[in-house]
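**Student:** Below is the structure I would like to discuss, written out as structure tokens.
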Amino acid sequence: MKAAVLKSFGAPLAIENAPAPVLGTGEVIVDVVATRVLSYMNEVFSGERNYALDLPIIPGPGGIGRVRAIGPDATRLNIGDWVFCDPTVRSRDDIVAPDIALQGLTAPGAGAMRLQQHFRHGSFAEQMRLPTENVKRLGAITSAEATQWCALGTLLVPYGGFLAANLQPGETVLVSGATGNFGSAAVSVALAMGAACVVTPGRNEKILADLVRRFGSRVKPVRLTGNEDDDREAMKRAAPGPIDCVFDIMPPSVNTSVVRAAVMTVRAYGRVMLMGGVGMAGGAGLELPYPWIMRNCISIHGVWMYPPDAASRLIALVRSGLLRLEEYEATAFDLDHANEAVAHAAANGGPFRLTVIRP
């Protein structure tokens, strides 16, 4: 099969023939039709992000495709089914605290690296092999629609955060990082789950206005000034009542004071979900007052990715019409132009934008 191979950090992807995957028990092989390119893939491939990858590797975290081959433990899947390939691979021998690798992207920790040795290659190829439980049926779609269905991979991240938060219909949410690619996805997901109001702080007034245009009066934009105390009070005033849940998805480059200002808007007995990258690139960590957390009974939950059933539940939200993939504008490249796709994704990583490779 044809594949894009990362052979060394800092080198371009090599487009070449690679061995086709061989089916084993507990596995499925999928013909890849479309796969998204993360906006920071260039930083992964250069080594800047220091992701744990044992090279050479075919990168690519998940995608949309059709079932090519199934093992004896698959009883619902059929050859030719349209499916979402979930890249979040979990070890099967510890259900309480499994090791997790992101297939084709990173394997943090010794256990995850052992997973990567087998479920190694990702979706920048004509075929990929996945654990049976990572293949989620989509129902009938067209080949053209597969491009837009790649947005599932972006939407699943905030969906996992809100599932961990036990977000309830009618609650008020604040999305810290709302003007980014994952943050804007969080706004759409929160509204689809029934949030009565989503407070969207940010500095880009054009993007803030676009969120209101897309989703209406339930979105309450706040223009940040950089003054922590003033910004915190402005976010509180924007909400029609107490803020039940704060979801942070800020990137590593952001100053911790911006995150703290948002986190400390949450009401007493409220919940804070941390899914961003603050501190990952070095520098100060997030400092929160112990007395404020304790006396206000604040729940702070770190969340990485999402539970195993999240993808199927999110697909149902899309099928119901509550979550619209049509919000996403996609640009597609063929596999021969994978390097151009990576460069395009880095330059066009804003809200509701997708860069996709179609092998």
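The values are calculated or read from the model by the stated rules, or taken from the named source; none is laboratory data. These figures come from a predicted structure and were not determined experimentally. FYI the Cβ positions are ideal-geometry reconstructions off the backbone, even for glycines, and counts take in every protein chain you see. The protein model used for the area step is the full one, side chains on, heavy atoms only, and it has no ligands, DNA or RNA in it. Shrake-Rupley method; radii C 1.70, N 1.55, O 1.52, S 1.80 Å.
**Student:** Using a ≥ b ≥ c from the Cα gyration tensor of the chain (square roots of the eigenvalues), is it rounded, prolate or oblate, where a/c under 1.5 gives rounded and otherwise the larger of a/b and b/c decides, a/b for prolate? All intermediate terms of the calculation are to be shown ahead of the outcome.
**Tutor:** On the way: a/c = 1.72, a/b = 1.65, b/c = 1.04.
Prolate, because a/c is 1.5 or more and a/b exceeds b/c.
**Student:** Ranked from highest to lowest mean number of other Cβ atoms within 10 Å per residue, what is the order of the peptides 286-294, 41-49? Please list the in-between numbers first.
**Tutor:** Working: 286-294: 11.4, 41-49: 17.1.
Taking the mean over residues of other Cβ atoms within 10 Å, the ranking is 41-49, 286-294.
**Student:** If you roll a 1.4 Å probe over the heavy atoms of the protein chains, what accessible area per residue do you get for segment 176-265, in Å²?
**Tutor:** That works out to 39 Å² for each residue.
**Student:** How would you rank 58-65, 224-231, highest first, on the average number of other Cβ atoms within 10 Å across their residues? Intermediate values should be presented prior to the final figure.
**Tutor:** Numbers: 58-65: 27.6, 224-231: 14.1.
For the peptides 58-65, 224-231, the packing ranking is 58-65, 224-231.
**Student:** Could you list the square roots of 5 times each eigenvalue of the Cα gyration tensor of segment 1-96, that is, the equivalent ellipsoid semi-axes, sorted largest first and rounded to whole Å? Show your work: numbers first, answer last.
**Tutor:** Details: eigenvalues 141, 57, 34 Å².
Calculated on Cα positions only, the semi-axes equal 27, 17, 13 Å.
**Student:** Express in whole angstrom the spacing between the alpha-carbon centres of segment 228-268 and segment 306-352.
**Tutor:** First find each Cα centre; the distance between them is then 27 Å.
**Student:** Among 132-144, 192-204, how do they line up by average Cβ neighbours within 10 Å per residue, starting with the highest? Please list the in-between numbers first.
**Tutor:** Values: 132-144: 15.2, 192-204: 21.0.
The densest-packed peptide leads the list: 192-204, 132-144.
**Student:** Under a 5 Å amide H to amide H cut-off, with H placed in plane at 1.01 Å, what residues pair with Asp99 once short-range neighbours are removed?
**Tutor:** HN-HN under 5 Å from Asp99: Ser91.
**Student:** While we're on this one: Counting only heavy atoms of protein chains, what accessible area per residue, in Å², does segment 101-151 have with a probe of 1.4 Å? Don't skip to the end; give the middle numbers.
**Tutor:** Values: 1880 Å² over 51 residues.
For segment 101-151, the per-residue accessible area is 37 Å².
**Student:** Let me ask something else. What residues have an amide H closer than 5 Å to that of Asp334, excluding those fewer than 5 places away on the same chain, when H is modeled at 1.01 Å from N in the peptide plane?
**Tutor:** Residues meeting the criterion, in which the H sits 1.01 Å from N, are Arg358.
**Student:** Can I ask one more? Provide the per-residue ³J(HN,Hα) series for segment 39-48, in order, calculated from phi with Karplus coefficients 6.51, -1.76, 1.60 and θ = phi - 60°, each as a whole number of Hz, with x at glycine and proline positions.
**Tutor:** Coupling constants for segment 39-48: 5, 9, 4, 4, 6, 5, 5, 6, x, 4 Hz.
**Student:** What spacing in nm lies between the two simple spin-label points modelled at Arg223 and Met113, each 7 Å away from Cα in the Cβ direction?
**Tutor:** Between Arg223 and Met113, the simple spin-label model gives 5.0 nm.
**Student:** For segment 274-359, just say rounded, prolate or oblate: build the C-alpha gyration tensor, square-root its eigenvalues into a ≥ b ≥ c, call rounded for a/c under 1.5, and beyond that prolate if a/b exceeds b/c, oblate if not.
**Tutor:** On the way: a/c = 2.99, a/b = 1.59, b/c = 1.88.
Oblate, because a/c is 1.5 or more while a/b does not exceed b/c.
**Student:** On to the next question. Give the relative contact order (percent, whole number) for the chain; include only Cα pairs under 8 Å separated by 6+ residues. Intermediate results must be reported in sequence, preceding the final value.
**Tutor:** On the way: 832 pairs, mean separation 67.5, N = 359.
Relative CO of the chain lands at 19 percent.
**Student:** Still on this structure, please answer the following. According to the square roots a ≥ b ≥ c of the eigenvalues of the Cα gyration tensor, what is the shape class of segment 63-168, taking rounded for a/c under 1.5, prolate for a/b larger than b/c otherwise, and oblate for the remainder? Numbers along the way, then the final one.
**Tutor:** On the way: a/c = 1.59, a/b = 1.19, b/c = 1.34.
Since a/c reaches 1.5 but b/c is at least a/b, the shape of segment 63-168 is classed as oblate.
**Student:** Using only the heavy atoms of the protein chains and a 1.4 Å probe, how would Lys7, Lys206, Lys220 rank by accessible area, largest first? Write down the numbers at each step before the final one.
**Tutor:** Numbers: Lys7 110, Lys206 170, Lys220 70 Å².
Output order, biggest surface exposure first: Lys206, Lys7, Lys220.
**Student:** Heavy atoms only, probe 1.4 Å: what % of the accessible area of the chain goes to carbon and sulfur, would you let me know?
**Tutor:** 51
**Student:** Using the Karplus curve 6.51 cos²θ - 1.76 cosθ + 1.60 with θ = phi - 60°, what ³J(HN,Hα) values do you get for each residue of segment 245-255, in whole Hz, with x for Gly and Pro?
**Tutor:** So the J values, rounded to whole Hz, are 8, 10, 10, 9, 9, 5, x, x, 6, 7, 5.
**Student:** Which residues in segment 47-75 place their backbone N less than 20 Å from a point set 7 Å from the Cα of Thr25 along the Cα-to-Cβ direction?
**Tutor:** Taking a point 7 Å out along Cα→Cβ of Thr25, the residues of segment 47-75 whose backbone N falls under 20 Å are 69-75.
**Student:** Starting from the amide H of Val199, placed 1.01 Å from N in the peptide plane, find each other amide H under 5 Å away whose residue is 5 or more places distant or on another chain.
**Tutor:** It is Val173, Leu174, Val175, Lys220, by chain and number.
**Student:** Taking the Cβ of Phe333 as the centre, find all other residues whose Cβ is under 10 Å away and add up their charges (Lys, Arg: +1; Asp, Glu: -1).
**Tutor:** Numbers: positive: Arg358; negative: Asp334, Asp336, Glu340.
With Lys, Arg at +1 and Asp, Glu at -1, the net is -2.
**Student:** Tell me, what HN-Hα J-couplings in whole Hz come from the Karplus equation 6.51 cos²θ - 1.76 cosθ + 1.60 at θ = phi - 60° for each residue of segment 104-121, using x for Gly and Pro?
**Tutor:** x, 9, 6, 9, x, x, 5, x, 5, 5, 5, 4, 5, 4, 9, 7, 9, 8
**Student:** Same structure again: Excluding residues on the same chain fewer than 8 positions from Lys236, give the lysines whose Cα lies under 17 Å from its Cα.
**Tutor:** Lys220
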